[in-house]
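Values quoted throughout were computed directly from the atomic coordinates according to the rules given, and no laboratory measurement underlies them. Nothing here was measured: the structure is a model prediction, and the numbers come from that model. Ideal geometry is used to build each Cβ from the backbone, glycine not excepted, and the neighbour counts take in all protein chains shown.
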Amino acid sequence: MTIHVSTKPGSMVLTAEQLKAIFKEQDADGNGRLTREELRKVYEKLGSRYPDWRVRRSLSHADTNGDGSISLDELDELVKYVLKIGYNLH
Ligand SMILES: [Ca+2]
Ligand SMILES: [Ca+2]
């Protein structure tokens with residue numbers, strides 16, 4: 001399963017593993033959790049026009065323990081969600 005994203009200057013096709021790597025890269029403080037701010041950077045990078053809205057949707061979908069951030073355990077669920085929304089990402 002892959003996702004097609006439009007980024008500048010071109011577009012790319014990402015697998016689940018590549019997508020997961022992008023999320024992990026944006027864990028700027030390296031604490032194994034993606035905060036709202038870190039998630040926002042991922043969606044900006046993926047070319048989303050409404051990154052804040054995407055962050056809210058992501059948290060309501062994948063933040064299973066409700067602490068307001070995505071842990072590595074929850075990241076698999078988030079990646080599945082992003083792959084599922086596919087073209088609607090933007
Ligand atoms: Ca972090
Ligand atoms: Ca969480």
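What to note about this one:
- Å³ per residue enclosed by the Cα convex hull of the chain: 83
- In summary, the aspartates and glutamates within cross-link reach of LYS41, defined as a Cα separation below 15 angstrom excluding same-chain residues under 8 places away, comprise GLU25, ASP27, ASP29, ASP52.
- The calculated Kirkwood hydrodynamic radius for the range 1-42 is 11.1 Å, given to one decimal from all distinct C-alpha pairs.
- Think of each Lys and Arg Cβ as +1 and each Asp and Glu Cβ as -1; about the Cα centre, that makes the dipole of the chain roughly 480 debye.
- Relative contact order (%) - criterion: Cα under 8 Å, at least six apart; region: the chain: 30
- For the chain, the mean residue ellipticity at 222 nm estimated from helices alone is -15500 deg cm²/dmol, where every DSSP H run of n ≥ 4 contributes -39500 (n - 2.57) and the total is divided by all residues, rounded to the nearest 500.
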